[in-house]
Amino acid sequence: MRGHVLLRFWARVAIFLVGLAVIVPACAGDVAKVVLLTGADPVQPAALVQIQAVRETLEASPSKDVEVYLEALDGFRFDGQDLSNEYLALLEKKYRGQHIDLVIVIANPAADFALKFHSLIWSTTPVLLSSVPEDWLRSRTLPDGFSVIPYRIDAGETLSLAALLQPDANRLIVVGGIADVDRRFTSLVIEAARHDRARWQSSEAWEGLPIDELKRRLSALDTKTAVVYTTMYRDRDGHRYFPYEVVPSITKASAAPVYGWYAVYLQYGLTAGAVYDLAENGRRTGRAALSVLEGRSTGAIGLPALPARCVVNASEAERFGLDTARLAEDCSLVAQPPSIYREYRSTVLLSAGVLLAQSLTIAALLMQRRRRRRAEAESSARSAELARAARISTVGELSASIAHEVGQPLGAILSNADAADLLVRASTVDVDELQAILADVRRDALRANDVVKRLRALLQKQSAGSRPLSLNAVVDSALVLIRPEARRRRIRVEMTLDPKGTMVLGDEVQLQQIVLNLAVNAMDAMNLIEPEQRILSIAIGAVDERAELSVADRGAGIDADDVRRLFEPFYTSKPNGMGLGLAIVRSIVDAHGGDIEAASRQGGGALFTVWLPRFADASCESGIATSLPNAGPGDASRAYAMVRPATHRADQGHAI
Ligand code: ADP
């Protein structure tokens, strides 16, 4: 029984070990690690297209999971420096302890490196060489484990194509750089031209010329010359390039067609070439790599070299007047990858037209706006001048009374001066009496000065601009000029100030002009009624958020039909009227964001009401005394003496 159990135990162990032996290698062999070592910069288009094709082919394998590690030596551009020891140290450190299944080497700087150091880091790892020129291969012996994807550039095919397209051409210029690879390619072309001396009677190598000089020389050529551009990794001044970067400058400047064998150059203006499909080269490499990884073969040496394909750039051929009719049937005539302008010519033209039209419209609108602004500025200057002229005219109407108003205190001053003189001449001077006389003189002088000051302010040319103002103070100031005239016309003035001292934001002179115009009109309207009936009522109050000013009279009132026309410029019913007073009032009210209304009062007479936005922040209970210009305590008490409830409009208050 015991032996039976032991047997079963060992049988299970054996099954487990066998299973493990099967599973572990299968897992380990599932992911193949491949190092892809390129001699070029990996983002250079010709290199990138191959690297991508290799990766895609490897990654598409249904039987293998492949991990690819990319290493780039960039040896074409840095061929003057031997950095191989440093690269080696880096790779050794990086891949120490890692099993690499295959090393794929692209281009000869990397092939040289692999040949030299392979035994030090990947001695048992197979190596697959790709994009390595045949002459490089000929001069080297490959160790075991190395295989090659054949790659040959046949410059002769490109020269034959040039000869076909330019039957009269007998001069060949080969343009390239001075890096090792540049020089090798250039000599490849010169060599090929030598094989056809009958055709290419002269062939020159322009090696490493700086771009500007190259352009200058190319632009002086003619179509009896064919140009072949190989590669330019470096010029003789030490500038480094990716070869494709130089192509647009060369093709644009050249007065002769430019040929080459890299398909990628076609989009930069190359005329034609027997070009190699580098993506296909990458795919071939990928397929050969898979067959090595799967143990199917050790290399791809038996493959034929990659064939070249004849391609002609149709627009460049047209530019040089080349005859494409004689091209072989399998030669593709391709349109140069279209520029945005070429592809969307009509859209581009339309958009340009729309843009132009838009720009013109904007320019016209800007000019119009400038003109309008200038016109507005002129118009507002004219309005201001007109308003001032109207003020002068109004003051002119009041001048007799104003002169009287000033003359009266001046007369009193004169009398008091005479009285003082008499006192001084008398033997005994009564000092108290003299002081009383001087106080009278002072008071009268202040009164006259007050009138003159307000008159000057009203007639000033420059506006002081907007500022917070007490409407009470504004009206009071205007009344200084109106009262004498009212007295002369035997009109009683009743004034109701606002106890809250409502403030408004405005231009003081303009607001005074409102009061003045409305008051003068009111006085005019009462010319024909009995003197004891003549009452001019002015009231200030606040309704909701607005300050309210009303001016009422006991005249003939306003016909309902005339109400709308009153504010029109030049409407007047007076023999000597200008018809501008109310128009100016309305424009001032509008400019202050207010409203104005005219109506007939019940019981006769007219009522004009003006509403202005309140300047809320500055509104204050004690505003009157402090806001009245030049207001002393006496003035303030006089002002308060006239205060009536603010809700009493001029036509409602019992004072009217
Ligand atoms: P003017 O005073 O030069 O006529 P206004 O524009 O000041 O110009 O006034 C236009 C017209 O409005 C006056 O001619 C008059 O007919 C009418 N008007 C103005 N105020 C009153 C008023 N308080 N009572 C009656 N009519 C008035």
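Rule-based calculations on the coordinates, nothing more; no lab input. Only a predicted model underlies this, so the values are computations on that prediction, with no experimental measurement involved. For neighbour counting, all protein chains shown are included, and Cβ atoms are generated from backbone atoms with ideal geometry for every residue, glycine included.
Over the chain, what is the mean sequence separation of C-alpha contacts under 8 Å (at least six apart), divided by residue count, expressed as relative contact order in percent?
Working: 1068 pairs, mean separation 59.0, N = 656.
Result for the chain is 9 percent.
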So for the chain, using the alpha carbon gyration tensor with a ≥ b ≥ c as root eigenvalues (a/c under 1.5 gives rounded; past that, a/b versus b/c decides prolate or oblate), I'd call it prolate
If the reach is capped at under 24 angstrom between alpha carbons, list the lysines near Lys453, excluding any in the same chain fewer than eight residues apart. Lys461
Can you list the aspartates and glutamates whose alpha carbon is less than 13 Å from that of Lys224, not counting same-chain residues fewer than 8 positions off? Asp168
Identify all lysines with a Cα-Cα distance to Lys215 below 17 Å; exclude those on the same chain that are fewer than 8 residues away in sequence. Lys252
Rounded to whole angstrom, the alpha-carbon centroid of segment 126-179 lies from that of segment 212-284 at a distance of 16 Å
On Cα atoms only, tilt of 180-194 relative to the major axis of the chain in degrees: 60 degrees
What longest region of the chain stays clear of chymotrypsin sites (Phe, Trp or Tyr not before Pro) that DSSP places outside H, G, I, E and B and that have at most 13 other Cβ atoms within 10 Å? 1-343
By the C-alpha gyration tensor axes a ≥ b ≥ c (rounded if a/c is under 1.5, else prolate when a/b exceeds b/c, else oblate), the shape of segment 227-329 is oblate
Percentage of interatomic Cα-Cα distances in segment 60-203 larger than 20 Å: 59 percent
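For segment 454-543, just say rounded, prolate or oblate: build the C-alpha gyration tensor, square-root its eigenvalues into a ≥ b ≥ c, call rounded for a/c under 1.5, and beyond that prolate if a/b exceeds b/c, oblate if not.
On the way: a/c = 2.67, a/b = 1.53, b/c = 1.75.
Cα axes put segment 454-543 in the oblate bin.
Kirkwood hydrodynamic radius for segment 46-127: how many Å is it when counted over pairs of different Cα atoms? Each step should come with its number before you reach the end.
Numbers: mean 1/r = 0.0714 Å⁻¹.
Answer for segment 46-127: a Kirkwood hydrodynamic radius of 14.0 Å.
Determine, for His99, His592, the number of other Cβ atoms within 10 Å of each Cβ, and report the residues in order from fewest to most. Spell out each step's value before the answer.
Details: His99 10, His592 20.
With the fewest neighbours first, His99, His592 line up as His99, His592.
Please arrange Thr230, Thr394 by how many other C-beta atoms lie within 10 Å of their C-beta, fewest to most.
Details: Thr230 27, Thr394 23.
Final ranking by Cβ density, sparse to dense: Thr394, Thr230.
So which of Lys33/Lys64; Lys33/Lys94; Lys64/Lys116 end up more than 21 Å apart by C-alpha?
Working: Lys33/Lys64 10 Å; Lys33/Lys94 13 Å; Lys64/Lys116 30 Å.
From the list (Lys33/Lys64; Lys33/Lys94; Lys64/Lys116), the Cα-Cα distance tops 21 Å for Lys64/Lys116.
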How are the alpha carbon pair distances in segment 141-184 distributed across 10 Å bins from zero to the largest one, expressed in percent? 19, 32, 29, 14, 6, 0
As a footprinting exposure proxy, order Asp277, Asp144 by other Cβ within 10 Å, with the fewest listed first. Asp144, Asp277
Which trypsin sites (Lys or Arg not before Pro) in segment 469-531 sit in a loop by DSSP (not H, G, I, E or B) and have at most 12 other Cβ atoms within 10 Å of their own Cβ? Arg490
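Give a quick list of trypsin sites (Lys or Arg not before Pro) in segment 148-225 that DSSP marks as loop, anything other than H, G, I, E or B, with at most 11 other Cβ atoms within 10 Å. Mind dumping the intermediate values first?
On the way: sites: Arg152, Arg171, Arg183, Arg184, Arg194, Arg197, Arg199, Lys215, Arg216, Arg217, Lys224; in loops: Arg152, Arg197, Arg199, Lys224.
Answer in residue order: Arg197, Lys224.
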Could you compute the longest span of the chain free of GluC sites (Glu not before Pro) located in DSSP loops and having at most 10 other Cβ atoms within 10 Å, not counting the site residues? 1-328
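Report the relative contact order of segment 402-532, percent, no decimals, based on alpha-carbon pairs under 8 angstrom and at least 6 residues apart. Can you show the working numbers first?
Numbers: 112 pairs, mean separation 36.0, N = 131.
Once normalised by length, the contact order is 28 percent.
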